[in-house]
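Asker: Just passing along the structure, written as structure tokens.
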Amino acid sequence: MTQLVWRKVMHIHELIPFLIQEGFSYDSIKQSLVIVLECAMIDAIDYFGNSSVLDLVKDAIFYYLLYGFLVSLYNNIRGYGIIGYPKIVFRSASKTIMSKILNSRLLKSKVEKEVEDTIEKIESQLIIETPQVPDFQIVPQTHLSDSQILEHLDNLSDLKHSEWESGKVSGAVYHGGDDLIALQAQAFQKFCVANQLHPDVFPGVRKMESEIVSMVLNMFNGSAAKEACGSTTSGGTESLMLACLAAKVYGEKYKGITKPEMVIPETAHAGFDKAGYYFGIKIHHARLDPNTYKVDLSHVKSLINSNTVLLAGSAPNFPHGIVDDIEGLSKLALRYDIRLHVDCCLGSFVIAYMSKAGFDGVLPPFDFRVPGVTSISCDTHKYGFAPKGSSVIMYRDSKLRECQYYVNTDWVGGLYGSPTFAGSRPGALSVGCWATMLSMGEDGYIESCRGIITNARYLKQRIQDEIPELRIIGDPLLSVVAFKSDQLDIYGLSDLLSKKGWHLSTLQKPAALHLALTRLSTPESIDSLVDCLKETVAVLASHGHAATKSDTSALYGVAGSVQTTGVADRLITGFIDTLYKVRE
Ligand SMILES: *Cc1c(COP(=O)(O)O)cnc(C)c1O
């Protein structure tokens, strides 16, 4: 076939002197076209007549692959720019080469040694001695009495840990009120054995689960959609992953998309990337607007192509607590007929009650009132204060929800179907969530929203007014306040804060810290944080920048550098391994 193309070019080439001679007259152009067409037809007949079936198939495959490659190249250049895309390719190639070099025998032992040292350090911090509680590496030969076990539990819960009780840990524990804990424990006790896989055995749990979904749908204006629906899940990550799975399956089923892609903001939760990893969905991270820190809609638009199955926005995002322009995303989603997920995992019951708590008009619409929004995730185990292991995924219609279900009619074990990733599910967690929601009530959630937002604004204001070395990122309107510094090593600041018991979240690109406020973040605890920030900023400033290279900043340096590709991955893997190590 390539020959054929060549010959055609030759014919056309020969026509040019003729056309020039005729001064590109109408007749000469017409004549030339006829010649070109005739030649093409003769060539085509020649090609199809004389090629073997094998050649035809080979050619077809070659041109199909070439077409696919060119389309993908075109999409990537359109998405990342004529300079941006080669940069990405170059960086990824450099990383591959660097990781090969680091794995070569020469360097491996040196890198290995450093990695091992660091992992040992992590282990020594996490795998601690428990003098009052023996190590149980095998099932004890003779059983323990209840009182012995309870004593062990007391001792284990008393081990030295980060002080969440006084609001010094970002996020992590969202309520922690004693009354609520007592209620949740009773709810657990009553439904300890419950399993939603068997609604006939536990009809009460089925009722409670369906009511959790209904209550949360109502908070997110599900009535604006004709048949909004949803399901409970084990947490925000599962909710996000189900939304991505549903979008992928929907794209395949109704639009014939076999190579799914999604476009998410750079600030979207890692759960989206995890979904991409699990389900084979290609991810595009859209840039942020440098002033507002919301996702840049024009970049989202240029990353959309015919394989896009899902767009996403956060309300708010985890790193900076910024709410993306959901209405803008919705316009794109409707225009290109793509599903749109809004991640309200963190916003949860705070964002839902903003208007009712008196912060009317602070936020533009972000829920099912926005027509392009097709799914929303909300963590009942964050500002809903339910026990951990509880979240809700909502959909605009049941056609989309169905795409997350697993159905099997062939299994030897009988007809099988389940709504989420788990098979058996812990009914007690849903009961705990249901009891918590009734116990809080709308009045309780409104009050908690008011307190958290008021305190977040207070923290934002005090940092802005009193600590010029720190700069608030964007304009956070909800419960997360993130800040960076142009003058100081922000990770060094984080390490100093840790020494004083404050555990803020560390962020990268840009290097920053944030506090996710909870019920435990009282005005007093914020005063104490601001004092602590002032002290540590002063210490850092007096040390000069270079003198304070901290462990954390070294770690992020390793993670961000092409030269150390793969090293940070190994450290994280080592950290995860540590979670399951017993003491030797
Ligand atoms: C917490 C969070 C999630 C989900 O996290 P889980 O730990 O799985 O509950 C998703 N998105 C955002 C923005 C979050 O803050």
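The values are calculated or read from the model by the stated rules, or taken from the named source; none is laboratory data. Since we're looking at a predicted model, the values are computed, not measured. So basically every Cβ, Gly included, is an ideal-geometry build from the backbone, and we count neighbours across all protein chains shown. These accessible areas exclude ligands, DNA and RNA; they are computed on the full protein's heavy atoms, side chains included. Shrake-Rupley method; radii C 1.70, N 1.55, O 1.52, S 1.80 Å.
Asker: Tell me, please, whether a residue that is assigned to a loop (DSSP other than H, G, I, E, B), over 20 Å from the mean Cα position of the chain (by Cα), at pLDDT below 95 and away from the ligand (no atom under 14 Å from the Cβ) can be found in the stretch 348-361.
Answerer: Scanning the stretch 348-361, I find at least one residue that is assigned to a loop (DSSP other than H, G, I, E, B), over 20 Å from the mean Cα position of the chain (by Cα), at pLDDT below 95 and away from the ligand (no atom under 14 Å from the Cβ), so the answer is yes.
For (1) touching a helix residue (DSSP H, G or I) at 6+ places or on another chain (Cβ under 9 Å); (2) in the same structural domain as Ser390 (by TED's automatic domain parsing), each residue gets a yes or a no:
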{"position": "Glu129", "(1), (2)": "no, no"}
{"position": "His143", "(1), (2)": "no, no"}
{"position": "His161", "(1), (2)": "no, no"}
{"position": "Val169", "(1), (2)": "no, no"}
{"position": "Gln196", "(1), (2)": "yes, yes"}
{"position": "Pro203", "(1), (2)": "no, yes"}
{"position": "Leu217", "(1), (2)": "yes, yes"}
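Asker: Kindly establish whether Lys226 is in contact with a Phe, Trp or Tyr (Cβ under 8 Å, 6 or more places away or on another chain), touching a residue at least 24 places away in the same chain (Cβ under 8 Å) and away from the ligand (no atom under 15 Å from the Cβ).
Answerer: No, not satisfied.
Asker: Additional query: When you go through Lys248, Lys259 one by one, which is the residue that is more than 15 Å from the ligand (Cβ to nearest atom) and more than 14 Å from His341 (Cβ to Cβ)?
Answerer: Lys259
Asker: For the stretch 567-583, what are the residues that are within 26 Å of Leu493 (Cα to Cα), open to solvent by less than 40 Å² (accessible area, probe 1.4 Å) and in contact with a Leu (Cβ under 9 Å, 6 or more places away or on another chain)?
Answerer: Val567, Ala568, Leu571
Asker: Still on this structure, please answer the following. Tell me the residue from Gln137, Gln148 that is open to solvent by 80 Å² or more (accessible area, probe 1.4 Å) and touching a residue at least 24 places away in the same chain (Cβ under 8 Å), please.
Answerer: Matching residue, one of Gln137, Gln148: Gln137.
Asker: A further question follows. Return the total of residues in the stretch 386-440 being more than 24 Å from the chain's Cα centre (by Cα), assigned to a loop (DSSP other than H, G, I, E, B) and at pLDDT 95 or above.
Answerer: Result for the stretch 386-440: 7.
Asker: Which of (1) out of contact with any helix residue (DSSP H, G or I) (no Cβ under 7 Å at 6 or more places or on another chain); (2) hydrophobic (A, V, I, L, M, F, W, C); (3) crowded, with 18+ Cβ neighbours inside 10 Å does Ala538 not meet, given it meets every other one?
Answerer: Just one mismatch for Ala538, condition (3).
Asker: Further question: For the stretch 180-203, state whether one or more residues are open to solvent by less than 30 Å² (accessible area, probe 1.4 Å) and under 24 Å from Lys356 (Cβ atoms).
Answerer: yes
Asker: Before we move on, is Thr237 of a type in the set (Val, Ile, Thr) and assigned to a helix (DSSP H, G or I)?
Answerer: Yes; evaluated as a whole, the condition is true for this residue.
Asker: Which ones in the stretch 154-171 are open to solvent by 40 Å² or more (accessible area, probe 1.4 Å), touching a residue at least 12 places away in the same chain (Cβ under 8 Å) and among the small types (Gly, Ala, Ser)?
Answerer: Ser162, Ser166
Asker: If we scan the stretch 63-81, do we find a residue that is exposed (fewer than 10 other Cβ atoms within 10 Å of the Cβ) and either modelled with pLDDT of 90 or more or not in a helix (DSSP H, G or I) (or both)?
Answerer: Checked against the condition, which is being exposed (fewer than 10 other Cβ atoms within 10 Å of the Cβ) and either modelled with pLDDT of 90 or more or not in a helix (DSSP H, G or I) (or both), the stretch 63-81 yields no hits at all.
Asker: Among the listed residues Asn307, Asn317, identify the single one that is closer than 16 Å to Ala482 by Cβ and at pLDDT 95 or above.
Answerer: Residue meeting the stated conditions: Asn317.
Asker: Of all residues in the stretch 188-221, which are assigned to a helix (DSSP H, G or I) and under 23 Å from the mean Cα position of the chain (by Cα)?
Answerer: Residues satisfying the conditions are Val213, Val216, Leu217, Met219.
Asker: Further question on the same structure: For residues that are in contact with a Gly (Cβ under 6 Å, 6 or more places away or on another chain) and open to solvent by less than 80 Å² (accessible area, probe 1.4 Å), scanning just the stretch 332-346, find the one that is farthest from the ligand (Cβ to nearest atom).
Answerer: Filtering the stretch 332-346 for residues that are in contact with a Gly (Cβ under 6 Å, 6 or more places away or on another chain) and open to solvent by less than 80 Å² (accessible area, probe 1.4 Å), the one farthest from the ligand (Cβ to nearest atom) comes out as Ala333.
Asker: For the stretch 134-161, name all the residues that are among the polar types (S, T, N, Q) and either part of a helix (DSSP H, G or I) or in contact with a Pro (Cβ under 6 Å, 6 or more places away or on another chain) (or both).
Answerer: Correct list: Ser147, Gln148, Asn155, Ser157.
Asker: A follow-up question, please. Report whether or not Leu497 is touching a residue at least 40 places away in the same chain (Cβ under 8 Å) and of a type in the set (A, V, I, L, M, F, W, C).
Answerer: Here the answer is no, as Leu497 does not meet what is asked.
Residues are listed down the side, and each one gets a yes or a no for (1) within 13 Å of the ligand (Cβ to nearest atom); (2) open to solvent by 70 Å² or more (accessible area, probe 1.4 Å):
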site: Ile264; (1), (2): yes, no
site: Tyr278; (1), (2): no, yes
site: His284; (1), (2): no, no
site: Lys294; (1), (2): no, yes
site: Ser298; (1), (2): no, yes
site: Asn305; (1), (2): no, no
site: Thr308; (1), (2): no, no
site: Asn317; (1), (2): yes, no
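Asker: Here's a follow-up. Please verify whether Val370 is at pLDDT 95 or above, of a type in the set (Val, Ile, Thr) and more than 16 Å from the ligand (Cβ to nearest atom), treating the condition exactly as stated.
Answerer: Judged against the criteria, Val370 is a match.
Asker: Could you please let me know if Gly84 is open to solvent by less than 90 Å² (accessible area, probe 1.4 Å) and farther than 30 Å from Ser306 by Cα?
Answerer: no
Asker: In addition: Which one of these is open to solvent by 70 Å² or more (accessible area, probe 1.4 Å), more than 30 Å from Gln148 (Cβ to Cβ) and part of a helix (DSSP H, G or I): Thr96, Thr118?
Answerer: Exactly one of Thr96, Thr118 is open to solvent by 70 Å² or more (accessible area, probe 1.4 Å), more than 30 Å from Gln148 (Cβ to Cβ) and part of a helix (DSSP H, G or I), namely Thr96.
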